[in-house]
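A.B. asks: Dumping the structure here so I can ask a few things about it.
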Amino acid sequence: MKRIRKRNLGIIITLVLLTAAVAVLAFLNAGSLERKQELEMNAEFLLGSGGAQRTITMRDILELDPVDFEAVMDTSTTDPTSVTFTGVELSRICEKFGIGIEPGMIVQVKALDGYASALTGEEVLAGDNVYICVYMNGEALKTKSEGGMGPYLMIIKSFLYSQRWCKFVEEIVVG
């Protein structure tokens, strides 16, 4: 009987500690969540390098004259499908805003939902490869709250499967 009580007490203490940890982490993330919602609703994302960040707007992307291109979308729930996307090469975006990329660098693309995809500088610098997209099949990418994949979607054309793509782009860090 004492053994069962000790075990139950241990379980209760563990649950209380886990609950407290979740509450603290949720509180610490609250400001971040508000910022994420603001970025999504304003169709913006952050672009940074070396601690400096800049907010990139839809207007900034459209001023870079997005191009149409074909890419194969292959997910765990769909068959491979050729899709027409409209976007701007990530290397051009970085160049426009004074962020240099070199082959040995790592570029991390972070999403509103916590997903992140890491790219090498070589992948980003390869021509016609890494794009930040705003349209799919001629239609604007919808936000996550609208059931879409945007407002920004990062695509790596040279990668056979689309699991390294990053929907809901919120931040790109070059380092």
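The values are calculated or read from the model by the stated rules, or taken from the named source; none is laboratory data. None of these values were measured; they are calculated from a predicted model. All Cβ positions, glycine included, derive from the backbone under ideal geometry; neighbour counts span all protein chains shown.
A.B. asks: Out of (1) closer than 21 Å to V67 by Cβ; (2) in contact (Cβ under 8 Å) with a residue 12 or more places away in the chain; (3) not in a loop (DSSP other than H, G, I, E, B), what's the single condition that is false for E171?
C.D. replies: Only one criterion in (1) closer than 21 Å to V67 by Cβ; (2) in contact (Cβ under 8 Å) with a residue 12 or more places away in the chain; (3) not in a loop (DSSP other than H, G, I, E, B) is unmet by E171, namely (1).
A.B. asks: Based on this model, can you work out whether D74 counts as within 15 Å of the chain's Cα centre (by Cα), touching a residue at least 12 places away in the same chain (Cβ under 8 Å), surrounded by fewer than 19 Cβ atoms within 10 Å (Cβ to Cβ) and not assigned by TED's automatic domain parsing to the domain that holds E34?
C.D. replies: On the way: within 15 Å of the chain's Cα centre (by Cα): no; touching a residue at least 12 places away in the same chain (Cβ under 8 Å): yes; surrounded by fewer than 19 Cβ atoms within 10 Å (Cβ to Cβ): yes; not assigned by TED's automatic domain parsing to the domain that holds E34: yes.
When the stated conditions are applied, D74 does not pass them.
A.B. asks: In segment 77-109, how many are without any contact (Cβ under 8 Å) to a residue 40 or more places away in the chain and among the β-branched types (V, I, T)?
C.D. replies: So the answer is 3.
A.B. asks: Pull up segment 97-114, narrow it to residues that are under 15 Å from K167 (Cα atoms) and surrounded by 13 or more Cβ atoms within 10 Å (Cβ to Cβ), then point me to the one that is farthest from the chain's Cα centre (by Cα).
C.D. replies: Within segment 97-114, the subset under 15 Å from K167 (Cα atoms) is 108-114.
Still in the running and surrounded by 13 or more Cβ atoms within 10 Å (Cβ to Cβ): 108-112.
Details: Q108: 8, V109: 5, K110: 3, A111: 3, L112: 6 Å.
Among those residues, the one meeting the criterion is Q108.
A.B. asks: Show me the strands (runs of 3 or more DSSP E) entirely contained within segment 17-78 in which 2 or more residues are touching an Asp or Glu at 6+ places or on another chain (Cβ under 6 Å), modelled with pLDDT of 70 or more and closer than 22 Å to Y131 by Cβ. Steps first, please.
C.D. replies: Details: elements: 44-49, 52-57, 67-73.
Where strands (runs of 3 or more DSSP E) fall fully within segment 17-78 and carry at least 2 residues being touching an Asp or Glu at 6+ places or on another chain (Cβ under 6 Å), modelled with pLDDT of 70 or more and closer than 22 Å to Y131 by Cβ, they are 44-49, 52-57.
A.B. asks: Out of segment 103-136, which residues are part of a loop (DSSP other than H, G, I, E, B) and within 20 Å of F159 (Cα to Cα)?
C.D. replies: Filtering segment 103-136 for residues part of a loop (DSSP other than H, G, I, E, B) gives 103-105, 112-115, 126-129.
The answer is P103, G104, M105, Y115, A126, G127, D128, N129.
A.B. asks: Can you tell me which residues in segment 84-96 are surrounded by 15 or more Cβ atoms within 10 Å (Cβ to Cβ) and not in a helix (DSSP H, G or I)?
C.D. replies: F85, T86, G87, V88, E89
A.B. asks: Which is modelled with pLDDT of 95 or more, closer than 20 Å to L47 by Cβ and surrounded by fewer than 21 Cβ atoms within 10 Å (Cβ to Cβ), of E139, E171?
C.D. replies: Values: E139 fails: closer than 20 Å to L47 by Cβ.
From the options E139, E171, the qualifying one is E171.
A.B. asks: Determine which member of the set K96, K144, K157 is among the basic types (K, R) and closer than 18 Å to L47 by Cα. Can you show your working first?
C.D. replies: Numbers: K144 fails: closer than 18 Å to L47 by Cα; K157 fails: closer than 18 Å to L47 by Cα.
Answer to the check: K96.
A.B. asks: Kindly evaluate T86 against the criterion of being in contact with a Gly (Cβ under 9 Å, 6 or more places away or on another chain) and either under 23 Å from G147 (Cβ atoms) or of a type in the set (A, V, I, L, M) (or both). Spell out the reasoning first.
C.D. replies: Values: in contact with a Gly (Cβ under 9 Å, 6 or more places away or on another chain): yes; either under 23 Å from G147 (Cβ atoms) or of a type in the set (A, V, I, L, M) (or both): yes.
In short, yes.
A.B. asks: Okay, next question. Search segment 52-67 for residues that are assigned by TED's automatic domain parsing to the domain that holds K142 and farther than 23 Å from K157 by Cβ and pair each with any residue that is of a type in the set (G, A, S) and part of a strand (DSSP E or B) when their beta-carbon atoms are under 8 Å apart and the residues are at least 6 apart or on different chains.
C.D. replies: Here the result reads R54/G48, each pair linking segment 52-67 to a residue that is of a type in the set (G, A, S) and part of a strand (DSSP E or B).
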